[in-house]
1. Roll a 1.4 angstrom probe over the protein heavy atoms and tell me the percent of accessible area of region 173-228 that is carbon or sulfur.
2. For region 17-86, what's the relative contact order in percent, using C-alpha pairs closer than 8 Å and at least 6 residues apart?
3. Please compute the length gained on full extension between residue 134 and residue 66, using 0.36 nm multiplied by the number of residues separating them and subtracting their Cα-Cα distance.
4. Compute the FRET efficiency between residue 190 and residue 24 as 1/(1 + (r/R0)^6), taking r as their Cβ-Cβ distance and R0 = 35 Å, and round to the nearest 0.05.
5. To the nearest µm²/s, what D does Stokes-Einstein give for region 19-91 at 10 °C and 1.306 mPa s, using the Kirkwood radius over alpha carbon pairs as Rh?
6. Over region 178-241, give the accessible area per residue in Å² for a 1.4 Å probe, as an integer.
7. Mind checking which lysines have their C-alpha under 17 Å from residue 199, skipping anything on the same chain fewer than 8 residues away?
8. What number comes out for accessible area per residue over region 36-94 if the probe is 1.4 Å? Units Å², please.
Amino acid sequence: MSSEGAQQVEADGGAGGGAAEGRTVRVVLVDDHRMFRTGVQAEIGETGRTGVEVVGEAADVDQAVTVITATRPEVVLLDVHLPGGGGVEVLRRSAAMMTDAERPVRFLALSVSDAAEDVIGVIRGGARGYVTKTITGTDLVNAVFRVSDGDAVFSPRLAGFVLDAFASTDAPPVDEDLDRLTQREREVLRLIARGYAYKEIAKQLFISVKTVESHVSAVLRKLQLSNRHELTRWAAARRLI
């Protein structure tokens, strides 16, 4: 890793502020190149020095979702291009963990790519930041801690892609019907529309089947729909599936 740093991430003279502050951030590394994972582990994974504890690794989408679900880290360092659907698919399948109010899993994209479409894709998918693999070890540690605190972190010039994308005049209009739903109700809506059974939704969102039923009833009532078939058509028309 070379000298390019993460925007708004300031070095504090060490390999990161975590160890000095007595904090530890649990991290999962997701990258299909084993040697790169080994290098990142060596660079930032000495917990006593950096405050970063690497609790798992994965090389593809399925492995990533399995490891993230099992370890529930604070931060996932996520490559954009992965076998099995890419980083965006990992984000999609981790949506419930990202929105967990008590133990949110936050994602920081770490990729060789600096293409605008890659940056915008993972940010739209829910990642909290995007840094390129030229970042220094010190700045990567700082970026991990910033993201764990809920901040957004980008390598130089990449933030401009995001600002331009979300300032675009073709951004979707406000949907008053969708705004009536809570975040959890939206999650249930998407899974119902994708054909998931109540038991499958309960397992994915870590809630009871009875709670799923309550959310579905609330969604149907708020949207003035009668059944899950109408709900699926409603979601498909808004490209929510």
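The values are calculated or read from the model by the stated rules, or taken from the named source; none is laboratory data. Everything numeric in this text was worked out from a predicted model, so none of it was measured. Positions of Cβ are generated from backbone atoms using ideal geometry, with glycine treated the same way; all protein chains shown enter the neighbour counts. When the accessible area is computed, the model is the full protein with side chains, heavy atoms only, and any ligands, DNA or RNA have been set aside. Shrake-Rupley method; radii C 1.70, N 1.55, O 1.52, S 1.80 Å.
1. Answer for region 173-228 is 49 percent, counting heavy atoms of protein chains only.
2. Dividing the mean separation by the residue count of region 17-86 yields 41 percent.
3. Stretched fully, the residue 134-residue 66 segment lengthens by 21.7 nm.
4. 0.55
5. Approximately 129 µm²/s, per Stokes-Einstein.
6. 61
7. List returned: 210.
8. Counting only protein heavy atoms, the per-residue value for region 36-94 is 39 Å².
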